[in-house]
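Taking it in order: structure first as structure tokens, then the write-up.
Computed from the coordinates by the stated procedures, all read-outs in this text should not be read as laboratory data. Computed from a prediction, not measured in an experiment: that's the story for all the values here. We place every Cβ from the backbone using ideal geometry, glycine too, and count neighbours over all the protein chains shown.
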Amino acid sequence: MYPFLRLAKVMWQAKRNTSIHVTDKSEISFSCHPWDLDIFNEMNNGRVLTLYDLGRTELGIRCGLMNVLASKRWALVVAGSSVRYRKRVHMFHKVKMYTQCVGWDDRWMYVEQSMWVDGQPCSSVLIRAGVTSKNGLIAPHQILEAMDEPVESPKLPLWVTEWVESEQHRPWPPIGQ
């Protein structure tokens, strides 16, 4: 089940925190609950991705993106991700999550996120995110203009540009019927 209570807490706290720029790093904290676990008694990989949604929500509220989305009737979409799992998260571990938009190109925004327990990185994800309207994908420069923010992207890190390039070689449609 979707963590609606955690979402409500994140939204409430984000609205009380100071505003930040879309490229600033945001941070949330939470504990691993019994219902977050898989059969191996560690946080389920699907739950990890769901909780990363909450970090992006917090950043979106604090930088003003969510207000723009609501006023223009736009929506967020995840168009790709690359995840690394390196350390298990067990029940009742206290987790810190960091979220930051590292830049954008002509179509997508790239968001880096990580989870940490006791000062040790546990997982990280790179998200290719977009904003859509009833007419399709909205260019990042239009989103930033609507937010009254500078539209020039920071230089994307090499590992991000290499991931973007490698995705161009991945076959689509995928194997299937």
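Tabulated results
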{"quantity": "Residue in segment 6-29 that is at positive phi and over 14 Å from the mean Cα position of the chain (by Cα) present", "calculated": "no"}
{"quantity": "Qualifying residue in segment 141-156 (condition: under 12 Å from Val22 (Cα atoms), among the hydrophobic types (A, V, I, L, M, F, W, C) and buried (at least 18 other Cβ atoms within 10 Å of the Cβ))", "calculated": "yes"}
{"quantity": "Any hit, segment 85-98, residues being of a type in the set (Ser, Thr, Tyr), touching a helix residue (DSSP H, G or I) at 6+ places or on another chain (Cβ under 7 Å) and surrounded by 14 or more Cβ atoms within 10 Å (Cβ to Cβ)", "calculated": "yes"}
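Results for (1) over 14 Å from Arg88 (Cα atoms); (2) touching a Cys at 6+ places or on another chain (Cβ under 6 Å); (3) in a helix (DSSP H, G or I), shown as yes or no for each residue.
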residue	(1), (2), (3)
Tyr2	yes, no, no
Ala8	yes, no, yes
Lys15	yes, no, yes
Ser19	yes, no, no
Asp24	yes, no, no
Phe30	yes, no, no
Phe40	no, no, no
Thr50	yes, no, yes
Leu54	yes, no, yes
